[in-house]
Each structure stands twice: as structure tokens, then as C-alpha cells.
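Here, each number is a calculation from the coordinates, and none is a lab measurement. These numbers come from a predicted model, not from an experiment. Heads up, the Cβs are rebuilt from the backbone with ideal geometry, glycines too, and the neighbour counts pull from every protein chain shown.
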Amino acid sequence: MWGKRAQGILWFVSYTPVFMIAIYRYYFEDIVKGKNLWNYNIPENLLHVFFILILLFFSIGIYYFIPKLMFRNIERKISNYDKGKDIYIKEFKKPSLNDYTFFLLTLILPLITVDFKSIVSLTICIAVILFIILLLTKIDYIIACPIFFVSKYKVFNVSFVFITDKEEKYKTKGFVITKHDDLYNKKFKIVKLIKNVYYLK
């Protein structure tokens, strides 16, 4: 149900804080440093704190609203057109922290190691991040997207049973994205997003 475009959007949004910091360090930091902004005597440290707060609130905002917009159509289809298969969850747990290690490294390392004052370093860093986004999108690794840490949507590793008239089909090693916290002993509808990743309502 999902294409590469939807995954690419989520990953690009996930790396937005890195892009914003890179642009700030390259273009705005020298403007702020040692100068008054708009002829007001605003301390340099205060301006840096102001930027960090803007970055923080903007990141939280897009982390929260982008998935809400992207899943709204799926939820509407499930509700209005009775899409999806009925299932019961047998087991569920959160993904391992190892699933998020690669993203965290690629998010933190550029902020520590890259000299964003150099146009060459800035260009290479952005090119590498765009390549990583393409790679993560190509391998359908959306379950590790950090957006699901901040938004109300959660990712679970589940085992579930499809409800059929003739027999029950036991499904293993699947991942679901959902707004629910407790999945036991409840009937849900599920639609496939990509490979073994499903949306559950």
C-alpha cells in the first residue's frame, strides 16, 4: 500500500534537524557571532539558545504532524470502506534498540565530526545523508524511523492470527504501526504497508 515515496518523506523529515543545524552552522552562525541582530544588543549565547529552541519545537512539530497526515488516509479507508483483514494479536513487543542504532549514529556523528563552515564538508555531509535516506528507503527499513518515538504512533514486533471462516493462519515476524498501547485480546483490522510491515487499527 505504501510506495518508496512515502518512506522517503518520513526519512527525510527524520533528518531535518541535521539539515537545519548544518545550514545554521554554515550560514547564520557567523552572522550571530560577535554582531548585534537588527541593531539590538542581544547576547550571542541567547541567540544560540533561541535557535536551539526553534529547532527543537520545529522538529517535534513535524515529527508529530507528518505521520498523522500520512496515516489519515489509511485510517479513513479502513473506517469508510471496511478495508483490511481482521486479526488477533498473540504476542507483541517493542523492536530492539539495535534496530535504531544505525540511524542514531548517522544522526549524531555529522553533528560532532563535520566542519559545517566548509562548503565542501557541508555538501559531502548532505550528499551522504541523502544517500542514506535512499538506502533506508530501498531496503524498506521504515520500522526504525525515529518519528515513531515522538509521534503518537508506535511500532511493535508482533505475532498475530488472521481471522478466516475456514482456518486460522498464524503469522510471525511481522511489524505493526499503530496508535494503540495494549494489543492483547482485542480485534483489529490490519492493512499491509510494505513487506512485513502493517498498519493496525
Links that overshoot a 19 Å alpha carbon limit, given the list Lys77/Lys201; Lys94/Lys201; Lys4/Lys201; Lys4/Lys189; Lys93/Lys179: Lys4/Lys201; Lys4/Lys189
Estimated FRET transfer efficiency when R0 is 30 angstrom, pair Lys152-Asn98 (beta carbons, to 0.05): 0.80
Point-to-point label distance, Lys117-Asn196, nm (Cα→Cβ direction, 7 Å offset): 4.9
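Could you work out how much longer the chain between Tyr27 and Ile60 gets when fully extended? Use 0.36 nm per residue separation minus the Cα distance between them, nm to one decimal.
Working: separation 33, 0.36 × 33 = 11.88 nm, distance 2.31 nm.
Here the answer is 9.6 nm.
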Additional length obtainable on full extension of the chain from Asp182 to Val161, 0.36 nm per residue less Cα span: 5.9 nm
